[in-house]
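Below is one structure, written out as structure tokens; the observations come after it.
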Amino acid sequence: MWYLCVFFHRLLDYRKPEVEALAELFGAFEQQEEDVNNGENHNQTRSLQWKLPANFHPDCPFHFVNLPSEDIARKIANRSILVKGMYELWGEGSSYDQLEEAVIAYPDDRKLRYLTSESSFRINLDSFGKTFSTEEQKDIFKKLSFIPFKGKVNLKNPDHKFWLIEIDDYGSNNGLPPIVEKRIFFGREIGAADRKLLPTYQLKSRTYIGPTAMDAEMAFLMANQGLAAPGKLVYDPFVGTGSILVAAAHFGAMTMGADIDIRVVRDGRGPDHNVWSNFKQYGLPEPISLLRADNNLPPWRAGLKEVFDAMICDPPYGVRAGGRKSGGRKLLKGVVGPYTVPDDKRADHIPSTASYSLVECVHDLLDLAARMLVMGGRLVYFYPVLREEDSPDPTFPEHSCFKLIAVSEQILSFRYSRVLLTMVKTAPYTEEIAEAARIMHLEFRANHLKWLEEGNLHSAVFAPANHHQGEGGDSRFCKDSKPKYRGKYVRMFGVLRYLMFLPGQLILVFYQCRKKADL
């Protein structure tokens, strides 16, 4: 049956993929396959059918979606973050006369059961780009007198909710082309989003957050893409302050995380301000474990594989935080022999780290996910993209074990955005596939943009707009005006300048002390 799906007008690329993921979670495609086997429909595939109302722009909040049952439509609407409501459409038209004809023609066996005297009801009025005054609402509701409601009106807790949605060219700028033709919808509400979810989990009320903590809305969207649900194990290899795992735990999933910084996963900012306290704050089950682990050198034993149902993460790509891996000067000392931490420093030892480029980080992530995800498991992660006009179309990492099913862009600034990639494991992990992935990684690395390979995304994003051009006139390859390495002569000049300035400072301090003594 076709349902009217009304979205919130934000994160446009994320809307349909979220509904598709929730349809997968609640078994919509299994029901479609059963219908195919029963001969009811031979054109169904493992994807939802969508269509737009006549003359509507694709970015508008109103879409029709074909779902196998009302129960699945209700579950999708109730759990979704971007679906405002899901409605059984009783009629539509370009005028109230056409709407009346359509509603009267709607089958009685589907509508009369909701109009009985034993049930209460409420009619809500909605639009897009306009609000209605009290007098306008009264006039509109009078036009619905042709619907034979027999029950009582209950504005607080009705048995059934109905919606009248009127869309017209109101002359307001909502970011879309003008409405070609006025459209009016009337239908029964099947399900609606939980309006209290995001205010409850907003970051500003979170016990423990960091500079890279994932926004609550985006964390829930990622958890939905990863199909987080009771009985599933979700792993975040870059757990940070645990925002993504909090969202997964809210949906009932078991969680597990890791981070290379032991101070984040173990200490936080004190006994009551750490990752564990975030779960206690919302009464959620605590993670199974939080590990100090390096994505470049994962700690899993060789025979351990296919453990996680989903891996959901936000890898470091060098804008707010750079990637780090095990390495640095202390490991370099172990060229002759392995480096060991002295016994007197083991209690508070912080392992040294080295720079970790995004290309290498994503390759390690895909390899780990291919080995540790169950068949059909999902890998959900963010990937940065430059948005300049002369930038080529982005190329995304590939792996023989995975199929890319969703790409959702989130625009962060004029210069760059990030895309949420959703991949499904479709093939078992083998040594042959691991070798093919390694070769594919080398080709991807060689053909990739220079700013991404060298970890210069931060410079590309934050360089001034009028910055001098690099080779070939491409601002993506601009170097910082301040040299990264200041040689010994520059440092010596700075020391001499400081020594020349020091006697004047001492004289000033001596004068001020003498003046206070005289007073």
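Read-outs throughout are calculated quantities, based only on the coordinates presented, and are distinct from any laboratory measurement. None of the values given here were measured: they were computed from a predicted structure. Methodologically, a virtual Cβ is constructed for each residue, glycine included, from the backbone with ideal geometry; neighbour enumeration extends over all protein chains shown.
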Just to confirm a number: summing +1 for Lys and Arg and -1 for Asp and Glu over residues other than Gly226 whose beta-carbon lies under 14 angstrom from that of Gly226, what do you get? -2
Please list, in order, the residues from the stretch 272-304 whose amide nitrogen is less than 18 Å from a point placed 7 Å along the Cα→Cβ vector of Val341. 290-300
When the Karplus curve 6.51 cos²θ - 1.76 cosθ + 1.60 is applied with θ = phi - 60°, which whole-Hz ³J(HN,Hα) does each residue of the stretch 342-359 get, with x for Gly and Pro? x, 4, 6, 10, 5, 5, 10, 6, 10, x, 6, 10, 10, 5, 10, 5, 5, 4
Starting from the Cα-Cα distance between Ile288 and Ser119, subtract it from 0.36 nm times their residue separation and give me the gain in nm to one decimal. 56.2 nm
Vicinal HN-Hα couplings computed from phi for the stretch 223-232 (Karplus, 6.51 cos²θ - 1.76 cosθ + 1.60; Hz; Gly/Pro x): 5, 5, 5, x, 6, 5, 7, x, x, 9
Would you mind putting 395-401, 106-112, 178-184 in packing order, based on average other-beta-carbon counts within 10 Å, highest first? 395-401, 178-184, 106-112
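Applying a 10 Å radius around every beta-carbon, put 233-243, 344-354 in order of their mean neighbour count, most first. Present the calculation step by step, with values, prior to reporting the outcome.
On the way: 233-243: 26.2, 344-354: 11.2.
Per-residue mean Cβ counts within 10 Å order the peptides as 233-243, 344-354.
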When the chain is fully extended, how far beyond the present Cα-Cα distance does Phe8 get from Tyr170, taking 0.36 nm per residue of separation? 56.4 nm
Gyration tensor verdict on the stretch 45-197 (Cα atoms; rounded if a/c is under 1.5, prolate if a/b is larger than b/c, oblate otherwise): rounded
Once you place label points 7 Å from the Cα toward the Cβ at Lys403 and Glu432, how far apart are they in nm? 2.0
